[in-house]
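To start, the structure under review is shown below, and the notes come after it.
What follows is calculated from the coordinates using simple rules that are stated; it is not laboratory data. No experiment lies behind these values; they were computed from the predicted model shown. Cβ: placed from backbone, ideal geometry, glycine included. Neighbour counts: every protein chain shown.
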Amino acid sequence: MDNTKFRRLFTILIVLLIITFFISLSIGRYSNDPLDVLNTLFSRAGWKEGSNPIMDNIVFYVRMPRIIVSMLVGAMLSLSGAVYQGVFKNPLISPDLLGVSSGASVGAALAIMLGASLAQRQITAFLGGLLAVSITAFIPKLFKNRNNMMLVLSGIIVSGFFCSLLSIMKFVAEEQTELASIVFWQMGSMAKVLGKEIVAITPVFIICTTVLLLLSWRINILSFGDLEAKSLGMNITQIRGIIIVCASLLTASSVSISGTIGWIGLVIPHLGRLAIGTDNTKVVPITVVMGALFMLVIDTLARTVSTAEIPLSILTGFVGAPLFAYLLYKQKTLVE
Amino acid sequence: MLRKDKFFYLFTIVLVTLLAVSLTSIGAEDKIVLVDVIGREIVLDKPATKVVGTHNPTLNAAVVLGGGEKYIVGFGNKEMSRPLYEAVMDDYDAIVQIGKGGNINFETVLATGADLAIIPERFKDQVVQFEEVGLNVIVALPNEESFDTIRQSLTLLGKALGASDRAEMIIGFMDDRIENARKITSQATDKQTVLFLGGSSALSVAPDAMIQTHLIEIAGGLNAVSGVSGTGNFVEVNIEQIISWNPDVIWYPAYARYTAEDLLNDPAWSNINAVKNKKVFAFPSQVEPWDQPTAALALGIAWATHNLHPDLYTLDEIMADVDNYYNMVYGKTFTGEQLGIK
């Protein structure tokens, strides 16, 4: 019965995602006519002659890369949020728990101040995120205390330190160019996404998502507690380590492309659990699709609602915070 | 006798009254009374001699009026216009940085011995803080930018610094260039749409309220941006919006972190008229920005007119204007190479 419900929900979400994909491809600041998009697609496929070069450029070089990347980023942030919440047995945890977002922000700010290209900025943001996570993972080893609480506290320390570093950089940054770039990057945007970002993050998405899907039933076991997991023969340190590495890679890759986007990694896993229950073998795939769908809708609004590009964190906050309140209301027994 | 005494007393009273009034008015004539751009009245006992500020376009008026560092004792952002300031000041690095933007170290301000702070309207919250440490403050540049606001800030500061004649001379030069641009563009047969990008990102654009719009219009163009409101700040848009506007010409500041090649080689930009026709230009200069609400905007007007109407206003004519300006203001000139003008 549960499996039937899961299959039905998963199918509905996939269909919704496909429909939303085509709606999103059809709307934008240049044209909102779906026929323009269909004509362009048919021309590319060789089924129709006489394409409009501007629409061709918009569909294939502007909208499609952005739509694909926004789905990937949404999926990756939601998935890392879901597994973090499972591993740490804490529903309030989000993907920037271990300092990834702060580290990535410092990496991006450094690149901006050094006048690096967009691609270089994405690489330094990714490396900054990984550096932060590495320091977070090192602190418990240094104190010879590897329990979850120590890791979470390390994440808070590292996030705080990198936030201070970022503040120094903002203070030193040139106001009219560097500071404006850093601030806008921090608010999250897909406006600068080109096709090569898809190539950059797709391998990370495929590999890490596959690993986490395969390990999802072990997250269920981890949720019983360390003693119970050990008694079932699980190597907790190894499994937890692999899960954290995959989730951190997913978060670092996403943040390096889009900047920091709040709420999605916290709220979407809860929505998934509300829909399908707490079994991570079902929550993980549902969260991936829900996250992709949510981010696609948000980014479509960000680029179409007004002439100015709306930062993504503004929209995810406006939507995510009330949604989270609603989810807490629905799960009030759990909260109690 | 009595009548004579009465006359004498009356005469004495009148004489003393006249003397008192003339003494008072002599004192009053020494004071400088100003009304700044937000309507505050400022009374200076004498012209200011030591000025601080953190907003480059606002502080630039004091630099221009002094022909260099004459009045400047404290700076904000020292990197913008560094090539110019290093050329016209004896020791630019020695000038103290009092803070950046809205963050000011008031102890540093006091240590400079400054007697006047000049700030833009967007930093008007600093007025109280400056006054508390004993400085006079003039809010010299309003949020909404225009040629009038530049005239206003030069006139205001000219009065505050006792350099009104110099302010008039510089304003006269700017008015002359505006008039010249109008004459030239009246002969033009078409109006091109121009997109002015921001320095932080190729996807940031100048909305109506910025001085860039006035620059474009006086040079005989039309601002390609529409539907964007905002005062004094560049606004982020997406590439599809820029494609929709489809500008004929794109200008970007010389201090931007990207180049014309970045846009010309980006496939997402390839269908825009300006990119197709390779009309993407860095707005001068490499010595100081000519696209900000400062006196050098006069040179920006000249270059913009040449860029849109090269047959009506040649490069040699621009360089003559540039030499006249820098000679008048600083007593020196710069080559086209130094300025980044081709």
Among B:A260, B:A224, B:A111, which one shows the biggest mean-square fluctuation in a GNM of chain B, springs joining Cα atoms closer than 10 Å?
-> B:A111
Nearest 20 debye, what's the magnitude of the dipole of the protein assembly as shown about its Cα centre given +1 on Lys and Arg Cβ and -1 on Asp and Glu Cβ?
-> 2840
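Just the C-alpha atoms of the range B:30-149: what Rg/Rh do they give, with Rh taken as the Kirkwood radius?
Ratio of gyration radius to Kirkwood radius for the range B:30-149: 0.94.
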Give me B:D291, B:D93 ranked fewest to most by other Cβ atoms within 10 Å of their Cβ, as a rough exposure proxy.
-> B:D93, B:D291
Relative contact order in percent for the range A:201-286 (Cα pairs under 8 Å, 6+ apart) equals 43
Taking Cα atoms only, helix A:34-44 is inclined relative to the longest principal axis of chain A by an angle, in degrees rounded to 10, of 90
The Rg/Rh figure for chain B, Cα atoms and Kirkwood Rh, to two decimals is 1.11
Using all Cα-Cα distances in the range B:170-339, what percent lands in each 10 angstrom bin from 0 up to the longest?
-> 10, 40, 36, 13, 1
Which FRET efficiency, nearest 0.05, do A:K196 and A:F171 yield, Cβ-Cβ r, R0 41 Å?
-> 0.80
By what distance, in whole Å, do the Cα atoms of the protein assembly as shown stretch along each of the three principal axes, largest value first?
-> 126, 68, 48
Average projected area [Cα convex hull, the range A:179-256], square nanometres = 6.8
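Return A:S313, B:S186 ranked ascending by Cβ neighbour count within 10 Å, so the fewest neighbours appear first. Don't skip to the answer; put the middle values down first.
Values: A:S313 22, B:S186 9.
Arranged by neighbour count, lowest to highest, A:S313, B:S186 become B:S186, A:S313.
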Hey, which aspartates and glutamates would be in cross-link range of B:K191, C-alpha to C-alpha under 16 Å, not counting anything within fewer than 8 residues on its own chain?
-> B:E217, B:D248, B:D311
All aspartates and glutamates inside 17 Å of A:K282 as judged from Cα atoms, apart from same-chain residues fewer than 8 positions distant | A:D2
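What FRET efficiency comes out for the pair B:S226/A:V183, r = Cβ-Cβ distance, R0 = 25 Å, nearest 0.05?
0.50
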What's the average, rounded to a whole number, of partner chain beta-carbon atoms within 10 Å of each residue's beta-carbon in A:179-185?
-> 4
If you take the Cα Rg of the range A:2-335 and divide it by 2.2 N^0.38 Å, with N the number of residues, what do you get?
-> 1.02
May I ask for the distance between the Cα centers of the range A:187-264 and the range A:31-76, given as a whole number of Å?
-> 30
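I want to verify the translational diffusion coefficient of the range A:1-91 in µm²/s; compute it with Stokes-Einstein, Rh as the Kirkwood radius over Cα pairs, at 4 °C and 1.567 mPa s. Walk me through the intermediate numbers first.
Working: Rh = 15.7 Å.
Result for D is 83 µm²/s.
For the range B:30-133, run through the trypsin sites (Lys or Arg not before Pro) and keep only the ones in DSSP coil with at most 12 other Cβ atoms within 10 Å of their Cβ.
Working: sites: B:K31, B:R40, B:K50, B:K70, B:K78, B:K100, B:R122, B:K124; in loops: B:K31, B:R40, B:K50, B:K70, B:K78, B:K124.
Counting only loop positions with at most 12 other Cβ atoms within 10 Å, the trypsin sites (Lys or Arg not before Pro) in the range B:30-133 are B:K31.
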Okay, helix-only estimate at 222 nm for the protein assembly as shown: each DSSP H run of n ≥ 4 adds -39500 (n - 2.57), divide by all residues, round to 500 deg cm²/dmol; what do you get?
-> -19500 deg cm²/dmol
Can you list the trypsin sites (Lys or Arg not before Pro) in the range A:242-319 that are in a DSSP coil and have 16 or fewer other beta carbons within 10 angstrom?
-> none
Violations at 19 Å Cα threshold for listed pairs A:K170/B:K78; B:K183/B:K276; A:K48/B:K276; A:K170/B:K70; A:K192/B:K278; B:K46/B:K159 -> B:K183/B:K276; A:K48/B:K276; A:K170/B:K70; A:K192/B:K278
Mind checking which of B:S204, B:S153, B:S270 has the largest fluctuation in a GNM of chain B, springs on alpha carbons under 10 Å?
-> B:S270
With r as the distance between the Cβ atoms of B:N324 and B:D208 and R0 = 22 Å, compute the FRET efficiency 1/(1 + (r/R0)^6) and round to 0.05.
-> 0.10
Across B:T294, B:T49, B:T12, the residue with the highest GNM fluctuation in chain B (Cα network, 10 Å cutoff) is B:T12
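Report the trypsin sites (Lys or Arg not before Pro) located in the range A:74-176 that are in a DSSP loop and have at most 10 other Cβ atoms inside 10 Å of their Cβ, or state none. Don't jump to the answer; show the numbers that get you there.
Working: sites: A:K89, A:R121, A:K141, A:K144, A:R146, A:K170; in loops: A:K89, A:K144, A:R146.
When the trypsin sites (Lys or Arg not before Pro) of the range A:74-176 are filtered for loop state and at most 10 Cβ neighbours within 10 Å, A:K144 remain.
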